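Asker: Pasting in a structure now, in structure tokens, and then I'll have a few things to ask.
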Amino acid sequence: ATLADSFLADLDELSDNEADVLEEENNDVANMEEDIDGDLADIETLNYDDLDSVSKLQKSQRYIDIMQKVEDALEKGSDISNQGLVLEDDPEYQLIVECNGLSVDIENEIVIIHNFIRDKYRLKFPELESLVHHPIDYARVVKKIGNEMDLTLVDLEGLLPSAIIMVVSVTASTTSGKPLPEDVLQKTIDACDRALALDTAKKKVLDFVESRMGYIAPNLSTIVGSAVAAKLMGTAGGLSALAKMPACNVQLLGAKKKTLAGFSTATSQFRVGYIEQTEIFQTTPPALRSRACRLLASKATLAARIDSTRGDPLGNAGKTLKEEIHKKIEKWQEPPPAKQPKPLPVPDSEPKKKRGGRRLRKMKERYAITDMRKLANRMQFGVPEESSLGDGLGEGYGMLGQAGSGKLRVSIGQSKLAAKVAKKFKEKNYGSSGATSGLTSSLAFTPVQGIELTNPQAHAHQLGSGTQSTYFSETGTFSKIKRT
């Protein structure tokens, strides 16, 4: 087969595969349409106007059995005979685990009922759901208001804070809602009653768990208290779930969205859950509460991990952790240490090495202060000094002119450096330069005693020939002879 034939065969195979893929996609789309139709049919059969079709927890057998066991256990009290059993084999611990799971289901059920109440009551007071966020508070307010349009006739004291009550009253006077029909209002009130009943059952479950926390989680109860420990376990879904949870999430368990209604947020604690109900948190100064909350969450997580493995049934580890928390918070409140005066360093008695030598001595002689400047810098007691502008203005002369002849100028003594330079210059230029000028003389003074008459031009010619002979020898080598 040629190359063109192989290409054509590959193209045919690709076209066949594309046809198969298109057929599969069409089949998938058909199946998806069938599934969507089935789901829509199920949604249409679900009646949202009926509360029993939405909320089914209270009528379940599991809910009824657990609540009956909880009521019996609260009446009977703790069974001390089972204290020595393994934690997983203890029936009371099994009931506590079931209560923790039930409390989570009750929370979810309350949210479902809260959505049902909002959908029904939105026609009457649509702004209320943005003012009251907590489901139980919302259910209580809706049950209290009912179909009343004038909220000045409704007493909401004790249900909401005074600031929220004022905002709700002002908003209700300008609302666009209308009174609900009797049947819709009755369904809404029944939903509110069911939400309040579930909240009561949840409190009863938490009371039972709290009464057994000293045995189930002794270390955690020592740090945060039995009530807060029961709430943490109930929200997390059990002691094992709480032990697996990181400390940053334990800090947020039970946190609510704060409704401030436009008021200042300076004094409100954000991102704090059940831990803010502990005694340690409440006794901590407000400036340190955020740090204390993080510390409590971390230590509570450690205590929960100890309790989940039954590492310390007596709670000694919890007491140690609680003491650490108290010590750290006390350490944070201590004032900073006073600033100590810094003493001067001990002076060195040994002389330091300084640069010396001929070059340094020359530099010191060159820049040494003169006698004239020394007198100008010095003043005599009780004698006014002369100045350049008079009357004390300008540059002062100090003691210049006050000693000796009374003149400002001082005779400068020849320094060693100047004398040495003059001597070297004199030795170098002992003879005449040979330049012809009006002041040139044929007399030359030599170290030899007497006067010698010489011809300068002849001397220069003789000196030049002698220098050339000393620098250039017959062999061509170079030798430099210093002439003195």
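Asker: With point charges of +1 on the Cβ of Lys and Arg and -1 on the Cβ of Asp and Glu, referenced to the Cα centre of segment 52-216, which listed residue (125, 197, 159) lies farthest in the positive direction of the dipole?
Answerer: So the residue we want is 125.
Asker: Take the solvent-accessible surface of the protein heavy atoms, probe 1.4 Å, and return the percent of it on segment 313-356 that carbon and sulfur atoms account for.
Answerer: Here carbon and sulfur together make up 57 percent of the probe-accessible area.
Asker: Hey, any idea what the orientation-averaged projected area of the convex hull of segment 294-345's Cα atoms comes to, in nm²?
Answerer: 5.9
Asker: Also, quick follow-up: Ratio of segment 52-216's C-alpha Rg to 2.2 N^0.38 Å, to two decimals?
Answerer: 1.29
Asker: With a 1.4 Å probe and all protein chains kept in place, how do 120, 56, 231 rank by accessible area, largest first?
Answerer: Sorted by accessible area, descending: 56, 231, 120.
Asker: Pairs 59/203; 342/374; 244/319; 76/144; 69/319; 204/328: which are spaced more than 28 Å apart, C-alpha to C-alpha?
Answerer: Going by Cα-Cα distance, 342/374; 76/144; 69/319; 204/328 fall outside the 28 Å limit.
Asker: Of the accessible area of segment 52-216, with the probe set at 1.4 angstrom, what percent is carbon plus sulfur?
Answerer: C and S atoms contribute 54 percent here.
Asker: What are the lysines whose alpha-carbon lies under 25 Å from the alpha-carbon of residue 428, with same-chain residues fewer than 8 places away excluded?
Answerer: Excluding near neighbours in sequence, the set is 362, 416, 420, 480, 482.
Asker: What does the charge dipole of segment 52-216 about its Cα centre add up to, to the nearest 20 debye, if the Cβ of each Lys and Arg holds +1 and the Cβ of each Asp and Glu holds -1?
Answerer: For this selection, approximately 620 debye.
Asker: Determine the per residue accessible area of segment 52-216 with all protein chains present and a 1.4 angstrom probe, expressed in square angstrom.
Answerer: 50
Asker: If the chain between residue 340 and residue 249 were fully stretched, how many nm would it gain, using 0.36 nm times the residue separation less the Cα-Cα distance?
Answerer: 28.4 nm
Asker: Now, a different point. Considering only protein heavy atoms, with the full assembly of protein chains and a 1.4 angstrom probe, order 348, 391, 50 by accessible area, largest first.
Answerer: Solvent-accessible surface, decreasing: 391, 348, 50.
The values are calculated or read from the model by the stated rules, or taken from the named source; none is laboratory data. Keep in mind that what you see is a predicted model, and the values were worked out from it rather than measured. Note: ideal-geometry Cβ built from the backbone for every residue, glycine included; neighbour counts use all protein chains shown. SASA here: full protein model, heavy atoms, side chains in, ligands and nucleic acids out. Shrake-Rupley method; radii C 1.70, N 1.55, O 1.52, S 1.80 Å.
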